[in-house]
Amino acid sequence: MERNEAILDSIKRLDAVWTVLHNLENVGFEAYLVGGCVRDMLLGKTPNDYDIATNALPEEVQSIFSRTIPTGIRHGTVSVLQNGERIEVTTYRREKGYRDARRPEEVEFIASLEKDLARRDFTINAIAMDRQGKVYDPFYGKSDLLERRIRTVGNPAERFQEDALRMLRGIRLATVLDGQIESSTWEAICLYADRMIMISRERIRDEWNKILLSDVKTGMQWLIRSTLLGSIFPRLQEIDTEIWLRAGDCSNRLSEQADIRQAALFWRLGIDRHVAASVLRDLRQSKALIRSVLAIMEAIPETDPLAWTEATWAAYLFQYGQDPVFRALQVVGRAHPEREDALIARFHQASAVQPLWSSAELPVSGQDLIDKLNIPPGPVVGQLLDRLVQAVLREPALCSREALLAQAAVEYRRQESNPRQDDGR
Ligand code: ATP
Ligand code: MG
């Protein structure tokens, strides 16, 4: 065990984590920070979440803290709510009964921290730290971390046969940490890649989303070389490596947001919105993410926006909305950096004079048309409003109540005398 003063300070700052560790120890249990949070703290990064491992049984954890949630009690996990934080406390455990390369159905609570660390996937994720900042590292994870080396705890073939998701986690960690995969671990990934078929789409999605927010191109290289890319995107297997790498490169240049990066990737892959939607649904991405990716893809212009007239810009902003347009132009701009500044400047200029963002902003309503122009209620009212929107987008000066009522009267008379035009054909 060794001591690390800097980390000790950072733990102390984390009041809630400190209190939970302390309260468990205070009544005679062992308690350690484990897994990703220790890895991230040793790297000087702020962890996403804090996991504590203890020899206390779940019901004992529940009895020590006043506010708990039985998050995964069957697997030994109780969430403790402390100082507004939620901290996962999990009883030391061993996993049994791996079937079909999936997560185990059964777990056995055990008394040994070392055995708990032994069930973890990679050495860098199998380090424990107590509240004094002492590190417990039976699998030499720290030296692997220093070298950014991804190595399984124990025999990689066995570990991947137990749970195939670990292969993708290994690639995700190598990507996020900009590291290397130790050779026997890598050979086993290549050998067992086809077992990813057993893994749920949701678990694959979670790892993909982390790759997407890091160096996508590097991740893509690992995924292609190991053939694991096919398990994430089974429908896109025909696409050439070069095209994937170009798309990964394009995606990398965008800000770290899943929707814009995913949209850039699909756009560069040259796949259409319908295929994109089905690929995202197949990956069990959230409805909100799918909606957002498709909105960005839809807004990617097919012709050169720098050559458009004011009216074309107005119609474009109106149709797709300011935010999707901005993000779509970022995608296009990052792919053509020499044009990016001009595109964004043009976007701001057009936004500043945009006459209308939605039909609700028209200064006349359907009721006005009915009251003032004696138009009978019905679909014709909606059609007239649409025409007024188009007219304002073409000619922003028309956007006043008087001008639009006059315009509506003209349009209505024209429609009455030639009803076939209503079809919009
Ligand atoms: P992140 O920073 O993205 O949260 P993480 O490594 O903490 O990464 P988690 O899913 O939060 O990932 O898992 C917490 C810890 O649980 C891991 O660090 C690892 O020790 C262990 N673990 C997670 N998934 C597996 C797995 N499939 N097999 C073995 N151990 C795992
Ligand atoms: Mg974590």
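DSSP beta bridges confined to the range 1-147 are antiparallel in about 85 percent of cases. Here r is the Cβ-Cβ distance between Arg102 and Ile73 and R0 is 25 Å; the resulting FRET efficiency, rounded to 0.05, is 0.80.
Here the accessible area is traced with a 1.4 Å probe on the protein chains. For the range 1-147, carbon and sulfur cover 43 percent of it. Taking the three principal axes of the alpha carbon atoms in the range 148-230, the coordinate ranges are 30, 28, 19 Å, sorted in descending order. Taking every DSSP bridge with both residues inside the chain, close to 80 percent are antiparallel.
Label separation (Phe109 vs Asn155): 3.1 nm, computed from points 7 Å beyond Cα along the C-beta direction. Compactness ratio for the range 53-169: Cα radius of gyration over 2.2 N^0.38 Å (N = residue count) comes to 1.13. Relative contact order for the chain: 9 percent, from Cα pairs under 8 Å spaced at least 6 residues apart, divided by residue count.
Sorting the segments 348-357, 289-298, 68-77, 142-151 by their residues' average number of neighbouring beta-carbon atoms within 10 angstrom, most packed first, yields 289-298, 142-151, 68-77, 348-357. Note on Gln349/Ala409: beta-carbon distance plugged into 1/(1 + (r/R0)^6) with R0 of 45 Å gives a FRET efficiency of 0.85.
The label point for Ala118 and the one for Asp15, both projected 7 Å from the Cα toward the Cβ, are 4.0 nm apart. In the chain, the ratio of gyration radius to Kirkwood radius, Rg to Rh, stands at 1.13 when only Cα atoms are counted. A Förster radius of 60 Å combined with the Cβ-Cβ distance from Leu213 to Glu416 puts the calculated FRET efficiency at roughly 0.60.
Where only DSSP H runs of four or more residues are counted, the chain gives -16500 deg cm²/dmol as its mean residue ellipticity at 222 nm, each run worth -39500 (n - 2.57).
Amide H contacts of Ala126 (H built 1.01 Å from N, in plane; Pro and chain starts excluded): no residue 5 or more places away or on another chain comes under 5 Å.
Using the Karplus relation 6.51 cos²θ - 1.76 cosθ + 1.60 with θ = phi - 60°, the per-residue 3J(HN,Hα) values for the range 301-307 come to x, 8, 10, 7, x, 6, 9 Hz, with x marking Gly and Pro. Structural descriptor for the range 330-401: relative contact order 28 percent, calculated from alpha carbon pairs under 8 angstrom and at least 6 residues apart.
With viscosity set to 1.567 mPa s and temperature to 4 °C, compute the Stokes-Einstein D of the range 362-422, Rh being the Kirkwood radius across alpha carbon pairs; µm²/s, no decimals. Diffusion coefficient, whole number: 113 µm²/s.
Against the criterion of solvent-accessible heavy-atom surface with a 1.4 angstrom probe, Lys134, Lys372 sort, most first, into Lys372, Lys134. Across the range 233-354, Cα pairs under 8 Å and at least six residues apart give a relative contact order of 24 percent.
For the chain, modelled as a GNM whose springs connect Cα atoms under 10 angstrom apart, the maximal fluctuation among Thr54, Thr185, Thr312 occurs at Thr312. Of the residues Gly84, Gly170, Gly36, which exhibits the maximal mean-square fluctuation in a Gaussian network model of the chain defined by a 10 Å Cα contact cut-off? Per the Cα network of the chain with a 10 Å cutoff, Gly84 tops the list. Placing +1 on each Lys and Arg Cβ and -1 on each Asp and Glu Cβ, with no other charges, gives the range 233-354 a dipole about its Cα centre of roughly 440 debye. Overall, the accessible surface of the range 316-380 at a probe of 1.4 angstrom is composed of carbon and sulfur to the extent of 52 percent. Just checking the listed ones, Leu14, Leu168, Leu236: in the Gaussian network model of the chain with Cα springs under 10 Å, the one fluctuating most is Leu14. Our coupling estimate for the range 228-233, obtained by passing each phi through the Karplus curve with A = 6.51, B = -1.76, C = 1.60 and θ = phi - 60°, is 6, 4, x, 7, 8, 10 Hz, Gly and Pro reported as x.
The values are calculated or read from the model by the stated rules, or taken from the named source; none is laboratory data. Because the structure is predicted, anything quoted here is derived from the model rather than measured. Please note: Cβ atoms are built from the backbone with ideal geometry, for glycine as well, and neighbour counts cover all protein chains shown. To get the accessible areas, we keep the full protein, side chains included, count just its heavy atoms, and leave off ligands, DNA and RNA. Shrake-Rupley method; radii C 1.70, N 1.55, O 1.52, S 1.80 Å.
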